[in-house]
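*Asks:* Got a structure for you, questions after.
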Amino acid sequence: MMLLKIDGDSGQRIDEALIGSATTERGEAVAIAEDGNILLASIDNGRAVLRKVDVNDFSNILFEQDLGQINNSGAISGLRVSGSNIFLAGSTSNSGFTGTAASIAKDFAGDTDGFVLKLTDNGSSADADFVSFVGTEAFDKINDIAVGASSVFVVGSTRGALEAGGREGPTDAFITRIDMATGAIEQVQQFGLLLTNNEATGIAFTNTGPSVLDALGLPAGTVDRIETRSVDSQTTAKAGDYFDISIDGGRKRRITLNEGDTFSDIARRINRLSFRGDVSADGSNGKLVIRANGSASVDLIAGEGSSDLLGKLGLKSQRLLGTDALFNLNDDDDRNSSSTESDLGGVFAFKLDGPLGLQDRQTAAFTLTQIQEAINTSQRAFRSLSPSILDTLGDQLGGSASGVVPTRLQSQLANYSAALSRLQSGSGGGGFFI
């Protein structure tokens, strides 16, 4: 493998060296040691090897330490330094990998596991302190490592269940916090989606100073990846807020929010208010839906002042009507009765501004009735606009259609006839008739 040193300003090559033996070797990670020299981790014919190279003379290898077999399928994914502490992360299928002499802080689980190996840099050598395996009985690997003040953080992927909650997808991502002093695993969080392969490939850590959270105006702290769905955490409502419900003008029954309640909890309390099912509620899909059923009327009454739960849920005091009450389907009036001639005249309205639809049998019946009434109204309006002139004259004469026509009406008729004659004598087709 080749190690190059390049000037950061000019880009010129300053030093270079071929490092290794005649076997298959692969450089995997590099870091700067506490003393400024170069730490180089590689896999040599399936074995993990750590070397320290003189930063001023690449031909001078300060130490070369064989850490043991991690197999050709293994990998080294990161090398980090904190003072004299060296942390090497990777994955291996060798359950006996110990960096030659490290104590095992967390046992190998099976198949392929991720590992974190801690060593102490002595200048001209390194002592293996502990190895901590991160894995399950399935395939697991570590992709990156970061070092904090007292903990080491690693991320990777797993096909097993690192957490008690189990695996969520074919491959899940994970992040693990490991105690820097003992190698004990302090916390594991596994992330996944159904039918989706997920993998964490990088991690960054800072103890102090600004971060992306500061730029976004977000606080630092523990993130709960399982979102709480309680009403008091998702809205401005708090435990003790309430509203009242009255069915058909009866006594008010109170619905009070308890700590940790979800919309489903509130819906269940509402559904218990009526044995006949006059009122029903649904709290699924992150919303609360309240309905009146049948011929019932349900009054939603706001709570007092700052304890009003309705307002905090985006609702207001109102009366809900069941389908029968809203559409008057129980009305004994004959809606389909034909209008008689005595109904002619007056104001005509189709009354089609109400709720119409075909979503259920009751709504369809109401819609059909409204359409039939609109048709009857249009027919009555047409008849009212075209009565015979004799009927009109009869009404003006007190209901009699016989006798001598008064002179005043004869003059009006003559004027009407002359006007009609002028209209009918114009060019073009068509005419105006009474």
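The values are calculated or read from the model by the stated rules, or taken from the named source; none is laboratory data. These figures come from a predicted structure and were not determined experimentally. Only protein heavy atoms, including side chains, enter the accessible area calculation; ligands, DNA and RNA are left aside. Shrake-Rupley method; radii C 1.70, N 1.55, O 1.52, S 1.80 Å.
*Asks:* How big is Rg to Rh over region 4-56, alpha-carbon atoms, Rh as the Kirkwood inverse-mean-distance radius?
*Replies:* 1.01
*Asks:* Hey, how much of the P(r) for region 104-144 falls beyond 12 Å, as a percent of Cα pairs?
*Replies:* 60
*Asks:* Just how many % of Cα pairs in region 258-299 lie over 13 Å apart, if you round to the nearest whole percent?
*Replies:* Details: 435 of 861 pairs.
Cα-Cα pairs of region 258-299 separated by over 13 Å account for 51 percent.
*Asks:* Could you grab the Rg to Rh ratio for region 3-115? Cα atoms only, Kirkwood for Rh.
*Replies:* Details: Rg = 15.1 Å, Rh = 15.1 Å.
Dividing the radius of gyration by the Kirkwood radius yields 1.00.
*Asks:* Can you tell me the alpha carbon radius of gyration of region 110-265 divided by the globular rule-of-thumb value 2.2 N^0.38 Å?
*Replies:* For region 110-265, the normalised Cα radius of gyration is 1.54.
*Asks:* Would you check the accessible area of M2, probe 1.4 Å, heavy atoms only, in square angstrom rounded to 10?
*Replies:* 110
*Asks:* Here is a follow-up. Whole number please: convex hull volume per residue, Cα atoms of region 64-158, in Å³.
*Replies:* 85
*Asks:* Another question about this same structure. Could you give me the radius of gyration and the Dmax of region 143-199, taking only the C-alpha atoms into account and expressing both in angstrom?
*Replies:* Spelled out, the Cα radius of gyration and Dmax of region 143-199 are 12.0, 38 Å.
*Asks:* While we're looking at this one, here's another question. Heavy atoms only, probe 1.4 Å: what % of the accessible area of region 136-188 goes to carbon and sulfur, would you let me know? Mind dumping the intermediate values first?
*Replies:* Numbers: 980 of 2090 Å².
Taking all protein chains in place, region 136-188 shows 47 percent carbon and sulfur surface.
*Asks:* Solvent-accessible area of D121, probe 1.4 Å, all protein chains present, reported in Å² to the nearest ten, please.
*Replies:* Spelled out: D121, probe radius 1.4 Å, area about 30 Å².
*Asks:* Continuing with this model, one more query. For region 1-100, what does the accessible surface come to per residue with a 1.4 Å probe? Please give it in Å².
*Replies:* Value returned for region 1-100: 47 Å² of accessible area per residue.
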